[in-house]
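What follows is a short report on a single structure.
The values are calculated or read from the model by the stated rules, or taken from the named source; none is laboratory data. Every value quoted in this text rests on a predicted model; they were computed, and no experiment measured them. Here the Cβ positions follow ideal geometry from the backbone for every residue, glycine too, while neighbour counts run over all protein chains shown. In case anyone asks, the SASA skips ligands and DNA or RNA and just uses the protein heavy atoms, side chains included. Shrake-Rupley method; radii C 1.70, N 1.55, O 1.52, S 1.80 Å.
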Amino acid sequence: MYSYDQYDTQLVNERVAQFRDQVQRRLDGRLSEEEFRPLRLLNGLYLQLHAYMLRVAVPYGTLSSAQLRMLAQIARRYDRGYGHFTTRQNIQYNWTKLEDAPDILADLASVEMHAIQTSGNTIRNTTSDPYAGVAAEELEDPRVYCEIIRQWSTLHPEFTFLPRKFKIAVTASPNDRAAVKVHDIGIAIRKNAEGETGFEILVGGGLGRTPMVGKTIRDFLPKEHLLSYLEAILRVYNLNGRRDNKYKARIKILVHDLGTDAFREQVDAEWENLRGKGPELPPAEMERIRAFFAPPEYEKPGSNHQDYIEKLRTNAGFAEWVRANVVEHKQNGYAIVNISLKPEGGIPGDATAVQMDSVADLAEKYSMAEIRVTHQQNLVLPNVRQADLFVMWEELRNQGLATNNIGLISDIIACPGLDYCGLATARSIPVAQRISTRFADLKRQHDLGELQLKISGCINACGHHHVGHIGILGVDRNNEEYYQITLGGRADENAAIGKIIGRAFSSDDVVDAVETVVNTYVDQRQDDERFIDTYERIGPKPFKEALYDAA
Amino acid sequence: MTLLKGGTPIEDSWVHLDDETAAPAGAAITVSFARWQAESEALKASGVTLGVRLTGDDAAEEITDDLNALQLVVIAFPAFTDGRGYSIARILRERYGYEGEVRATGNILRDQASLMTRCGFDAFDLAAHTDVADWLEGLKDITLEYQPAADRRRSVPQIRHA
Ligand code: SF4
């Protein structure tokens, strides 16, 4: 993975000192809250319902064991002993104090981490495929370009006060696990007819009030032009995005209002002036960054490999966990291991300091000291020898980290909702917990197969309900929490926005309604069809009838 | 108001005209973008020293043919969150090679000064109560940058591969 040189270190340290000074000026009254707000937001510090929340960037979801241990230590020292992993591969601490924030940032800087631009109307943490670098089917490691974008976007002088926040995701795999079609800019690494790799560039995807799937504005951008092209897109957006209405300020509205072709023309006109100039990286710099992501030395499968095969055959619990949570690795003899942060009845994405420490230890022992954070709010150990899987599974079980529900109905994405968030109209976490408890039977979950359920506590859609196979949106009806269900959304390479199935359900009824939807699928499915395939084949009608006609 | 140019507080010697008042002889004047569009030929012929005031709403591209005639471009920030001026300044400096004064006015924060400098602003209209020494300190917070910009300082990638 990338490691800082003296310049990266100096810049992050200067930033910590700058923020320490800003906090000091706030505490002694030289800055009003109004003046301080944009400064703290540029350092990831939000004022939530009950406390300050600090969002720490995990660049493209990659962590070392040392970094994860520091995250655990921060949870213990400055928070209540846990942290919350988000859909954008970051971690949030919900109970921090303003006066501690500079020390937290200094602790982060000591392990080459920061909270720069994790909020505010600026370019946010660039996200990627959690299996980057190890996925069997990927073209190349997308994190090279994520790191290039991280540096370019960090304290960018021109794009720190955009009309609205700006999110970029990069994938290099035909199976899109980074949701590039629902980002402001999605970058998909592709091969052209000549066999060279370059970028397909999508713009204007996003969720929130007006969900949209991104549009391709360039089929194949040569690699050396990545930064000039991004700068052109951002400049067109910065100058022309709407600033009069925050709900219309995202780039998706600009692209939609102008039309994709007109938007592309404006970007191309801007690009003419930038291509091959200023922002373009020297080739040597691209190579320098690429070298950090060179594949590690893999071992050949040894003689103990047979034990693994044997354990798979003889231990049903282990085999089930492998089936649900372990993914094929590009290297023979290795595996990608998902660690679910969605135990039965738990809070999706929460991890205690103890759990973080043990995952850091496990990664050190079995996964070349590397961990990934996923968009699904789980963790991944990307480089585990198959021969080590069984012992590792036993250790995970001891820590309560072996829930084998990856991709299943209880692997729920949920936003913090009314338990923490000042914008919420309803709670999300308790609904997630109740659904997870209702479907606790793992046999049943495995029988239901892949099913993505996503919950947002308000229309801002941080829980990505629009792209859940089953989406749940909290709404307010006469001061009561109600929940609207959408069906048929997906965030993968065939991204689609789910459709509202009908009137909303009360908090008491929403779990039953989910179960009705699920039972309808079971009645209607053919062969091995997944929920989303059945839905796409039969449409909403049978679900609607089951939900509303009986009443 | 305090005008800060090149790091030093100075008197503003410019007269900022509204759209009706005639240009006083011998003065250095700025006019709004609208007035510039209507009267640029006459103004250029009048021999006074000229500047234009822009807001983010104005089509800044339309003054680029006249940049030789302009000693000052004032860019307004109606709110500190309105980031359009940063792009406008860079376009003037980097694309059109404009070398006159680019002045930021309106709601600008101390902690924005270094970003603005990097985008090509070299003068700032500060609110009356601003502590100038403190403001200048703010310019020194961050000494490195990943991106080349209008200030032509060497970026980190350039330093790495010098
Ligand atoms: S979706 Fe709404 S409630 Fe949930 S975190 Fe986002 S803003 Fe808060």
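In table form, for the structure just shown:
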| quantity | calculated |
| --- | --- |
| Meets criteria (under 21 Å from A:Gly449 (Cβ atoms), within 16 Å of the ligand (Cβ to nearest atom) and either open to solvent by less than 40 Å² (accessible area, probe 1.4 Å) or in contact (Cβ under 8 Å) with a residue 60 or more places away in the chain (or both)) for A:Val467 | yes |
| Positions within the range A:391-418 being touching a Ser or Thr at 6+ places or on another chain (Cβ under 8 Å) and not in a loop (DSSP other than H, G, I, E, B), in sequence order | A:Glu395, A:Ile413, A:Ala414, A:Gly417, A:Leu418 |
| Count of the range A:262-277 residues which are within 12 Å of another protein chain (Cβ to nearest Cβ) and touching a Lys or Arg at 6+ places or on another chain (Cβ under 9 Å) | 3 |
| Boolean, A:Ala249 is open to solvent by less than 10 Å² (accessible area, probe 1.4 Å) and not assigned by TED's automatic domain parsing to the domain that holds A:Thr62 | yes |
| The range A:139-168, residues that are more than 7 Å from chain B (Cβ to nearest Cβ) and touching a Cys at 6+ places or on another chain (Cβ under 9 Å) | A:Ile168 |
| In the range A:415-430, residue nearest to the other protein chains (Cβ to nearest Cβ) [restricted to those that are more than 8 Å from the ligand (Cβ to nearest atom) and either modelled with pLDDT under 95 or surrounded by fewer than 22 Cβ atoms within 10 Å (Cβ to Cβ) (or both)] | A:Asp419 |
| Search result, residues across the range A:317-352 that are closer than 16 Å to A:Ser367 by Cβ and basic (Lys, Arg) | A:Lys330 |
| The one condition in (1) open to solvent by less than 20 Å² (accessible area, probe 1.4 Å); (2) assigned to a helix (DSSP H, G or I); (3) within 24 Å of A:His446 (Cα to Cα) that A:Gly317 fails to fulfil | (1) |
| Pick from the range B:2-59, criterion touching a residue at least 24 places away in the same chain (Cβ under 8 Å) and on the phi > 0 side of the Ramachandran plot, ranking: surrounded by the fewest Cβ atoms within 10 Å (Cβ to Cβ) | B:Gly6 |
| Residues within the range A:452-461 that are open to solvent by 10 Å² or more (accessible area, probe 1.4 Å) and within 17 Å of A:Lys342 (Cβ to Cβ), tallied | 1 |
| Residue list for the range B:75-93, restricted to those being open to solvent by 10 Å² or more (accessible area, probe 1.4 Å) and either assigned to a strand (DSSP E or B) or of a type in the set (Asp, Glu) (or both) | B:Ala76, B:Asp82 |
| Index of the failed condition, A:Cys146 passing every other in (1) over 15 Å from the mean Cα position of the chain (by Cα); (2) open to solvent by less than 20 Å² (accessible area, probe 1.4 Å) | (1) |
| Single match in A:Ile532, A:Ile538, A:Ile472, A:Ile500 (criterion: more than 14 Å from chain B (Cβ to nearest Cβ), within 16 Å of the ligand (Cβ to nearest atom) and of a type in the set (Val, Ile, Thr)) | A:Ile472 |
| First in the range A:438-461 and more than 17 Å from A:Ala414 (Cβ to Cβ) and within 14 Å of chain B (Cβ to nearest Cβ), second anywhere and aromatic (Phe, Trp, Tyr) and near the ligand (Cβ under 10 Å from one of its atoms), Cβ under 8 Å, 6 or more apart | none |
| B:Ala149 in contact with a helix residue (DSSP H, G or I) (Cβ under 8 Å, 6 or more places away or on another chain), closer than 26 Å to A:Gly276 by Cβ and small (Gly, Ala, Ser) | yes |
| Condition check for A:Arg20: surrounded by fewer than 20 Cβ atoms within 10 Å (Cβ to Cβ), within 14 Å of chain B (Cβ to nearest Cβ) and of a type in the set (Lys, Arg) | yes |
| Check on A:Ala109, buried (at least 23 other Cβ atoms within 10 Å of the Cβ), assigned to a helix (DSSP H, G or I) and out of contact with any His (no Cβ under 8 Å at 6 or more places or on another chain) | no |
| Tally of residues being more than 12 Å from every other protein chain (Cβ to nearest Cβ), in contact (Cβ under 8 Å) with a residue 24 or more places away in the chain and more than 21 Å from A:Asn94 (Cβ to Cβ) across the range A:28-55 | 0 |
| Selection from the range A:232-266 of residues that are without any contact (Cβ under 8 Å) to a residue 60 or more places away in the chain, assigned to a helix (DSSP H, G or I) and farther than 16 Å from A:Gly206 by Cβ | A:Ala232, A:Val236, A:Leu239, A:Asn240, A:Asp261, A:Ala262, A:Arg264, A:Glu265, A:Gln266 |
